[in-house]
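Below is one structure, written out as structure tokens; the observations come after it.
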Amino acid sequence: MRTLFAGRSPGVRRTIAAVAAATVALPLSFAAMASASAVPQPPDPEPPVVEEEDFSVLVFSKTAGFRHSSIPAGIAAIEQLGEENNFAVDATEDAAAFTEENLAGYDAVVWLSTTGDVLNADQQAAFESYIQGGGGYAGVHAASDTEYDWPWYGELVGAYFAGHPQNQDATIKVEDHAHDSTAHLPDEWERYDEWYNFRSNPRDTVHVLASLDETTYQAGASAMGIDHPIAWCQAFDGGRSWYTGGGHTEESFSEPDFVRHLLGGIQTAAGAVESDCTATQSSSYERVDLSDSTANPMAMKVADDGTVFYIERDGRVQRIDAATTVTSTVLNLSVTQSNEDGLLGITLDPDFSSNGWMYLYWSPTDLGGSGPHNQISRFTYDAETQSVDAASGVTILEVATQRDTCCHAGGDMLFDDDGNLILATGDNTNPFESGGFTPIDERPGRVNFDAQATSANTNDLRGKVIRITPQDDGSYTVPEGNLFAPGTELTRPEIYAMGMRNPFRIGIDHSSGNLLVADYGPDSGSASPTRGPIGTVEWNIVSEPGFYGWPYCTGSNNAYNDYNFATGQSGAAFDCAGGVVNNSPNNTGLQQLPPPSARRSTTTPAVPPPRPRSAAAVHPWRVTPTSTTRTWSPT
């Protein structure tokens, strides 16, 4: 540990020392020459080379509250890191070091388990000026238990301490494998420490590097729930900020992974190692409202030229000009909005820029001779007039429905990379008279309350993922590899995947071709030993055609019980492993169904915000690990 020299950077001090050594050596050489002028003298030795440190940090550990016994170990660890990594370290508990002149000599200030009110107003102003001038801050553990009456500091550290349970083992979920303080860590980092809870969740204002998995330890009365950040960084008020909640125990500072974590935090706070802490900070983004007059928008597609098309459930196709952001109506369809019907889906042809074809999934009021149905229609957009002629509409596919009662229409659409049109449809079954469990009411006149008639019916297009190949003349063909080959008795060849409840959003992984299907689950708030599992939302990876369980199985193939709605008696659980038999009188398809696929990620009503039961399938981002970092890119 070195003595502080106010207003003089460590680099400047070492430069002065080297020059002084050379100055002292110079008169001594002249004296030697005077005493023996005729005798050749050896050349003067070169002055010693003093290596300049890469950067300098100040470790500040003043406490006005609880004092951690780990502070000396922390200082020693940081000093050792300085020696091994060529940066200078000064340590102090004297707040008088916080002057603009003195702080200017440091690239970062480490607040090591400080507590309470440690700086006066002038010192606070000096530190604010230091950060605003591009300085760095690294907070360790109780740095968040400091300066509660200084709002600026609270924003700098990211969140204030709220409480903690007893010391214990816990699992840390590492979220950023690119930042230097977490790049060396595994996806799940298990360690022993005192785990802080915070008064607020900082995720919206900082870039979270790692978070705690509260299911792996007892988080105590001030538990934060499913989203519990424990290490983060941010670009703040002109400077850099990094914080870790670890470091309560003395042993932390001899733990290799934690010490490396600390090193990365100090180096990035000092600006010696590049880091991007703006990626997930809300302040890094600007929200631009393309339209503030929407009513019930259902879906949106963006053309290659930047033109935005979105649909309103009442039948309007809206266009937002890429240059002016002016919204106009390009088509208005006559739709029924009973129950959950309406204009439900839109996608653009892969050659939209040349042919102008857009595909809409909607509920026409004019049923013709088909009976109640939703349909895929192709319309032609005229780029010159910026409109769609309703007369250009061609019906591609009809999906027979019932309009007597609610719910679940689905309607999301996309094209895969082979030019196939994908449509997701809901089970079109009323869920409100099944106690929140599976609707399999087989009583006479209750077909609209029996999802065995739709989702589990191989001869019905509801509760399905449909895959077809549109043709130029408005017809379609069925690609190879769907669930049922054309001509298979009691089946529809358009079906790619079945057993869906309400697959409201779909996406595609272009690198693998896998479909991503988000399926809303039922409303049972808890499991029942006689009815079945808790309501579960599914994110399905549809890599091949198959049956995805509904209404017999949910989540990771958790089985519902067969239930007699006439008697109120429960039967055995359905056979999710071996394959379910659909013997409902409302089934018009095959009885024997294949075993349900289990490629799902799920959540339940028991999961609190910020992860409610709102399932949205998105286009994935893929991680590519290298020796030092991971690169994320859309696929």
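Rule-based calculations on the coordinates, nothing more; no lab input. It should be emphasised that the depicted structure is a prediction, and the values quoted were computed from it without experimental measurement. Note: ideal-geometry Cβ built from the backbone for every residue, glycine included; neighbour counts use all protein chains shown.
Things to note:
- The equivalent ellipsoid of the stretch 404-635 has semi-axes of 29, 23, 15 Å, largest first, where each one is the square root of 5 times an eigenvalue of the Cα gyration tensor.
- Here the ratio of the Cα radius of gyration of the stretch 55-284 to 2.2 N^0.38 Å is 0.91.
- Taking the Cα centre of the stretch 404-635 as origin and assigning +1 to Lys and Arg Cβ atoms and -1 to Asp and Glu Cβ atoms, the resulting dipole is close to 800 debye.
- Modelled FRET efficiency - R0 45 Å, Ala383 with Ser543, Cβ distances, 0.05 increments: 0.75
- Order by protection proxy (mean Cβ within 10 Å, highest first), peptides 585-593, 242-250: 242-250, 585-593
- Helix runs (DSSP H) in the chain reaching 24 Å along axis by Cα, Kyte-Doolittle at least 0.5: 10-35
- Dipole in debye (nearest 20) - the chain, about Cα centre, beta carbon charges: Lys, Arg +1; Asp, Glu -1: 1240 debye
- Loop-resident chymotrypsin sites (Phe, Trp or Tyr not before Pro) (DSSP state other than H, G, I, E or B) in the stretch 274-335 with no more than 15 further Cβ atoms inside 10 Å of their Cβ: Tyr285.
- Helix content alone sets the calculated 222 nm mean residue ellipticity of the chain: runs of n ≥ 4 DSSP H residues at -39500 (n - 2.57) each, divided across all residues, give -4000 deg cm²/dmol.
- Cross-link partners of Lys173 among lysines, defined as those whose alpha carbon lies under 20 angstrom from its own and excluding same-chain residues fewer than eight positions apart, are absent.
- 23 Å Cα-Cα reach of Lys301 towards lysines, excluding residues that sit fewer than 8 places from it in its own chain: Lys464
- For the chain, every cysteine has a partner cysteine C-beta closer than 4.7 Å.
- Relative contact order for the stretch 404-635, counting Cα pairs under 8 Å that sit 6 or more residues apart, in percent: 19 percent
- Alpha carbon convex hull of the chain, volume per residue in cubic angstrom: 227 Å³
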